[in-house]
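Asks: One structure, pasted below without further comment.
What follows draws every value from the coordinates through simple rules; no lab data is involved. Everything numeric here is computed off the predicted structure, so don't read it as measured data. With ideal geometry, Cβ positions are generated from the backbone for all residues, glycine too; neighbour counts draw on all protein chains shown.
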């Protein structure tokens with residue numbers, strides 16, 4: 001890109017006028033001054049001649065790095081071309097711009113200043129009462145100036161000075177101003193106790209006509225939990241109501257600008273959307289916001305990448321990531337070089353986005369072959385159990401319903417548990433002997449803990465984890481565990497049943513079990529008991545109702561094996 005490129009609205013400009021604009025690049029300002037009278041008058045002269053605002057962007061060495069025709073918003077530097085210092089630093093660039101009216105900077109100019117985290121915005125107002133004449137040409141002069149800059153206060157993003165004379169403005173110490181501002185931003189940044197290893201995340205949700213407000217709020221809460229599970233720090237939740245997603249940016253243009261401004265103000269380095277994004281949408285959003293943008297599926301894949309412990313789990317995670325990545329290679333643009341660490345960038349195996357499509361296809365084919373071998377191995381294990389007439393029961397349910405805790409309580413196993421989404425990923429099977437109170441004989445049962453389900457489970461995960469999900473379809477019976485303490489427990493039941501209905505093989509009989517009854521009030525418990533009178537009610541953590549559950553489990557297995 002030529003160093004003397006003129007940006008903005010160039011329509012109708014003469015060659016001589018373009019040359020005058022290009023000469024601005026040859027100017028050099030003192031490093032400790034906002035501007036000089038000579039530089040300001042030169043901008044004013046060109047601006048009055050073409051009858052349009054002119055903007056010059058200057059770095060801290062006093063070099064002009066960008067010249068544009070039009071407002072600050074029309075000539076602003078794209079976010080991805082700006083240095084990324086975080087919320088404690090300014091960009092190291094100031095904008096000196098002209099305005100044909102004697103009025104303070106408009107909100108659009110101040111917003112553009114904030115989006116670029118400019119050191120300062122100097123607005124020169126050009127006289128409207130007449131022009132100085134030089135060689136018969138009309139030349140405007142600077143009547144007054146406004147100085148605007150960002151401030152690290154939550155109640156205001158910026159401050160604007162009263163109109164000052166050009167002489168007064170030129171005498172201000174620029175370095176003293178920016179060093180003082182950055183020290184304030186640094187103190188504010190440290191006061192927030194920000195961990196440098198955590199992604200600082202903005203959540204963005206779109207409420208459409210297909211959703212109720214209650215459903216939308218529950219899904220946004222879940223997205224926040226997913227981000228926190230992945231290791232992110234949620235700074236703010238932003239939402240917009242639209243009849244349908246915008247094809248280019250999901251949310252509208254104004255909301256996109258608002259997200260960019262909030263990201264700059266809060267120092268966010270990641271924006272997470274509540275829905276799958278197309279490659280074009282990701283590219284457009286990253287260009288306009290200036291930080292990484294990922295969708296809900298990428299967050300889930302990232303959690304799976306962190307949680308996978310066994311070779312089989314890592315294998316399936318890699319397959320899911322590559323299958324998700326494959327259709328998104330074309331058109332990612334700047335996003336192709338986003339692998340700097342953080343949510344959406346982790347995972348075992350070949351996960352570099354720079355890998356050629358053909359190589360990825362070969363890798364996917366090989367991984368699918370290994371998954372098929374894994375399926376065959378697990379099938380042999382299941383046949384061996386069936387040969388010994390040991391019935392199997394799979395624990396299914398929404399993520400974080402307490403399946404691993406229940407497995408530990410019933411079998412005295414030591415499976416990892418945590419109050420997190422997808423705390424366990426790899427399936428675990430344990431044998432347990434339960435005494436039948438009627439026959440006084442012990443019945444051997446194999447309990448299998450499976451990966452948690454989630455609303456709109458990504459298709460790539462459904463396919464890649466088919467070896468795990470087969471534990472569900474091949475089980476003699478299922479225990480569908482529900483977290484009754486969750487405000488969306490009814491929605492969770494519907495989501496799990498919807499996923500089970502999509503299984504290639506119809507699962508066996510299902511026993512509905514409500515968990516965490518110690519954490520709910522009497523009204524919620526009574527509602528669940530009235531809606532699901534045949535269900536079991538337990539607290540796996542406090543071991544409440546487990547003996548009753550064991551007897552219901554014996555009955556379930558006897559019914560299943562009698563079919």
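Asks: In nm, give the distance between the simple-model label positions of residue 188 and residue 243, each being 7 Å from the Cα along the Cα-to-Cβ direction.
Replies: So the label points at residue 188 and residue 243 sit 4.0 nm apart.
Asks: Kindly rank 389-402, 244-257, 61-74 from highest to lowest mean number of other beta carbons found within 10 Å of each residue.
Replies: With the highest mean Cβ count within 10 Å placed first, the list reads 389-402, 61-74, 244-257.
Asks: Determine, for each peptide in 515-523, 271-279, 202-210, the mean count of other beta carbons within 10 angstrom over its residues, then list the peptides with the highest first. Intermediate values should be presented prior to the final figure.
Replies: Details: 515-523: 15.8, 271-279: 20.1, 202-210: 18.2.
Packing order, densest peptide first, comes out as 271-279, 202-210, 515-523.
Asks: So, R0 is 35 Å and r is the distance between the beta-carbons of residue 23 and residue 198; what FRET efficiency does that work out to, to 0.05?
Replies: It comes to 0.15.
Asks: Could you check the simple spin-label distance between residue 233 and residue 497, using points 7 Å along Cα→Cβ, in nm with one decimal?
Replies: Simple spin-label model gives 4.2 nm for this pair.
Asks: Further, regarding this structure: Fewest Cβ neighbours within 10 Å first, please rank 241, 314 accordingly.
Replies: 241, 314
Asks: Any idea how far the Cα center of region 480-531 sits from the one of region 25-81, in Å?
Replies: Here the answer is 63 Å between Cα centres.
Asks: Have a look at the DSSP beta bridges in region 479-563 and tell me what percent are antiparallel, nearest 5. Present the calculation step by step, with values, prior to reporting the outcome.
Replies: Working: 1 of 8 bridges.
Antiparallel: roughly 10 percent of the beta bridges in region 479-563.
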